[in-house]
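Inspection log for the structure reproduced underneath, given as structure tokens.
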Amino acid sequence: MKNLENIQGSRVYGRRLSKPLKKTSAARFNEYFPKYSISLADDENLDLSKLFDHEPKEYWLEIGFGKGEHLVAQAKAHPEIGFIGCEPFVNGVSGLVDHMVAEKVTNIRFFMNDARLLMDQIPSSLISRAFILFPDPWPKRRHHKRRIVSPGNLTVLSRLLKDNAELRIGTDHHDYCRWILARLLESPDFNWQSDHPDNWHKRPDDWPSTRYERKALAVGRKSTYMTFNRVPR
Ligand SMILES: C[S@@+](CC[C@H](N)C(=O)[O-])C[C@H]1O[C@@H](n2cnc3c(N)ncnc32)[C@H](O)[C@@H]1O
């Protein structure tokens, strides 16, 4: 398996534990990690169907789920779907586990590391929907190469997505929004669903809010909700 230093432009995070877990959360984390976390074998394709107890109807992927509110809400609303979430921070994954326990959700498997390591091992055309919600904007120009929405990462994502699959990206950062649109519009693999401004000004009803969206709203910043489709091959 590649390590983080081998991924172009990245050293994503130095520390992955920002603060110690509370006792109850730590106990839940220790119980859920062996059952629900994804580990990768060297250079082998990941067999998604083996991750779940029953073969799901579809697989949906969330990159950078934070504390997992959106992922758990989606998983609860769609028990027939197998959800795969990526988040390198222990505190984020612990937040996800707490929400999974509270909502009695079991159709999520999580990868506690850089999403790009996992994506490289997912076979082509298996993912029916992907979410990148409020990705870190890395506002300084010299850090733009760390942005998760990049031509290289979009190429990998387009390989994973089924024809017509949805890619949803939300952001409250004006400059990153323009960057995201530019990268997606120049990609031959994606079409933007943009027939009406409501498509990007209003959060769709089946798009649960996230912590970072609420943080932005609390300080008066509006967000943009973009939905793209994988162009059929
Ligand atoms: C600004 S937060 C947004 C969290 C959540 N999606 C929300 O909207 O509340 C961005 C998240 O992406 C995660 N992240 C950044 N780079 C990542 C990567 N390469 N793979 C997986 N997660 C990543 C960060 O750890 C962080 O939790």
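The values are calculated or read from the model by the stated rules, or taken from the named source; none is laboratory data. If you're wondering where the values come from, they're calculated on a predicted model, not measured in any experiment. Counting neighbours? That spans all protein chains shown, and the Cβs are built from the backbone with ideal geometry, glycine included. Only protein heavy atoms, including side chains, enter the accessible area calculation; ligands, DNA and RNA are left aside. Shrake-Rupley method; radii C 1.70, N 1.55, O 1.52, S 1.80 Å.
Filtering segment 151-182 to residues that are under 21 Å from SER124 (Cα atoms), open to solvent by 20 Å² or more (accessible area, probe 1.4 Å) and of a type in the set (D, E, K, R) leaves ARG159, LYS162, ASP163, GLU166. Among residues of segment 221-233 that are in a loop (DSSP other than H, G, I, E, B), those with a Cβ under 7 angstrom from a residue that is of a type outside the set (D, E, K, R), sequence gap 6+ or separate chain, pair up as SER223/GLY170; SER223/THR171; SER223/ALA216; VAL231/PRO188; VAL231/PHE190; VAL231/ASN191; PRO232/ASN164. ASP42 falls short on exactly one of the conditions (1) at pLDDT 95 or above; (2) over 12 Å from the mean Cα position of the chain (by Cα); (3) acidic (Asp, Glu), and that condition is (1). Restricting the search to segment 57-71, which residues are within 8 Å of the ligand (Cβ to nearest atom) and either of a type in the set (Lys, Arg) or crowded, with 24+ Cβ neighbours inside 10 Å (or both)? Within segment 57-71, GLU62, ILE63, PHE65, LYS67, HIS70 qualify. Could you check segment 38-86 and list, in sequence order, the residues that are among the hydroxyl-bearing types (Ser, Thr, Tyr) and farther than 14 Å from ILE108 by Cβ? Scanning segment 38-86 gives SER39, SER49. One residue alone among ASP114, ASP136 is in contact with a Leu (Cβ under 6 Å, 6 or more places away or on another chain) and within 10 Å of the ligand (Cβ to nearest atom), and that residue is ASP114. Screening segment 72-90 for residues that are more than 9 Å from the ligand (Cβ to nearest atom) and over 17 Å from LEU48 (Cα atoms) and picking the one that is surrounded by the most Cβ atoms within 10 Å (Cβ to Cβ) gives VAL72.
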